[in-house]
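First up is the structure itself, then whatever we jot down about it.
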Amino acid sequence: AQSVTQPDIHITVSEGASLELRCNYSYGATPYLFWYVQSPGQGLQLLLKYFSGDTLVQGIKGFEAEFKRSQSSFNLRKPSVHWSDAAEYFCAVGPQTGANNLFFGTGTRLTVIP
Amino acid sequence: EPEVTQTPSHQVTQMGQEVILRCVPISNHLYFYWYRQILGQKVEFLVSFYNNEISEKSEIFDDQFSVERPDGSNFTLKIRSTKLEDSAMYFCASSPQVNEKLFFGSGTQLSVL
């Protein structure tokens with residue numbers, strides 16, 4: 001069965017510090033992998049996605065993520081967090097079969113302190 | 001960047017009432033979706049819609065739910081007889097092609113009393 005686990009419900013980091021948000025997935029085949037961000041009152045915005053090729057993918061707003069097949073992980077990273085990065089972050093997996101029914105994790109809420 | 005628009009942002013209804021959630025997808029997109037998020041839980045896929053018919057639906061999407069594209073711009077989710085457990089944030093999304101980036105709306109918070 002498909003599942004996505006984001007083990008950290010809430011993370012607090014200082015502005016300028018580095019960030020890593022964890023995501024582990026369980027999927028029957030090679031999945032497509034996504035990270036979305038949701039700011040208060042906003043919709044889900046795609047940060048980055050992995051379909052194939054280079055396992056280190058770059059996204060918007062200075063985020064990157066690395067696909068590690070052996071660990072079934074797709075962790076999101078940013079070297080220096082800005083106060084505007086405070087939001088809810090969702091990892092998601094989807095099939096490579098042509099459908100778009102994404103399976104989401106429960107999300108990680110990021111708080112940034114000055 | 002183009003946006004998916006959802007109205008209303010918050011809807012309150014009585015249990016057993018019908019409710020229609022409205023979405024305006026991005027104009028040149030061909031695939032439309034509804035997702036929902038119960039408070040504190042995961043965002044869950046409900047249904048995908050392409051070429052004026054449902055292409056895929058989850059177990060959540062039972063006979064109480066229906067979707068429609070009544071004209072060239074709107075995409076609606078109808079819940080025929082709402083239950084308390086239908087209280088959730090409902091997200092509409094659209095994409096130009098399958099496996100392309102999904103554009104999500106800001107959601108409609110449905111509260112069933």
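Which one of B:16, B:74, B:31 is farthest out on the positive end of the charge dipole of chain B, using unit charges on Cβ (Lys, Arg +1; Asp, Glu -1) and the Cα centre as origin? About the Cα centre, the residue reaching furthest to the positive side is B:16.
Quick one: net charge of residue A:90's neighbours, Cβ under 11 Å, K/R +1, D/E -1? Residues near residue A:90 contribute +1 overall.
Hey, got the dipole for chain B? About the Cα centre, +1 on K and R Cβ, -1 on D and E Cβ, debye to the nearest 20?
Values: 9 positive and 14 negative charges, 35 e Å.
My answer is approximately 180 debye.
Each principal axis of the Cα atoms in chain B has its own extent, and those three values, largest first, are 37, 27, 26 angstrom. Every Cα-Cα pair of the protein assembly as shown was included, and the share exceeding 29 Å stands at 27 percent. Placing a label point 7 Å from the Cα of residue A:77 along the Cα-to-Cβ direction, the residues of segment A:33-65 with a backbone N closer than 11 Å are A:56-57, A:64-65. Residues considered: B:87, B:48, B:73. Largest GNM mean-square fluctuation over chain B, using C-alpha springs under 10 Å, is found at B:73. The charge dipole of the protein assembly as shown, taken about the Cα centre with unit charges on the Cβ atoms of Lys, Arg (+1) and Asp, Glu (-1), comes to about 260 debye, rounded to the nearest 20. Among B:96, B:70, B:25, the largest mean-square fluctuation in a Gaussian network model of chain B, built with springs joining Cα atoms closer than 10 Å, belongs to B:70.
A DSSP coil position with no more than 12 other Cβ atoms inside 10 Å describes none of the chymotrypsin sites (Phe, Trp or Tyr not before Pro) in segment A:24-114.
Counting every Cα pair in chain A, what percent are over 17 Å apart? The share of Cα pairs beyond 17 Å in chain A comes to 51 percent.
Here is the list for segment B:26-113: GluC sites (Glu not before Pro) lying in DSSP coil, each with at most 13 other C-beta atoms within 10 angstrom of its C-beta, are B:59. Taking every alpha-carbon pair under 8 Å whose residues sit at least 6 apart, chain B reaches a relative contact order of 38 percent. Note on chain B: antiparallel DSSP beta bridges, both residues inside, total approximately 90 percent of the bridges counted.
For segment A:41-107, the C-alpha radius of gyration divided by 2.2 N^0.38 Å, with N the number of residues, is 1.17.
By the rule of a C-alpha distance below 19 Å, with chain neighbours fewer than 8 residues away ignored, the lysines paired with residue A:68 are A:49, A:78. Mean sequence separation of contacting Cα pairs (under 8 Å, at least six apart), scaled by the length of segment A:3-71, corresponds to a relative contact order of 20 percent. Taking Lys and Arg as +1 and Asp and Glu as -1, the other residues whose beta-carbon sits under 10 Å from that of residue A:78 total -1. Between residue B:113 and residue B:7, the distance separating the two model label sites (each 7 Å from Cα on the Cα→Cβ line) works out to 2.3 nm. For segment A:38-114 versus segment B:81-109, the inter-centroid distance based on Cα atoms is 18 Å. Taking a Cβ cut-off of under 12 Å around residue A:50, the surrounding Lys, Arg, Asp and Glu residues balance to a net charge of 0, with basic ones at +1 and acidic ones at -1.
In a reduced charge model with +1 at each Lys and Arg Cβ and -1 at each Asp and Glu Cβ, chain A shows a dipole moment near 180 debye about its Cα centre.
Here, each number is a calculation from the coordinates, and none is a lab measurement. Only a predicted model underlies this, so the values are computations on that prediction, with no experimental measurement involved. Backbone-built Cβ (ideal geometry, glycine too); neighbour counts: all protein chains shown.
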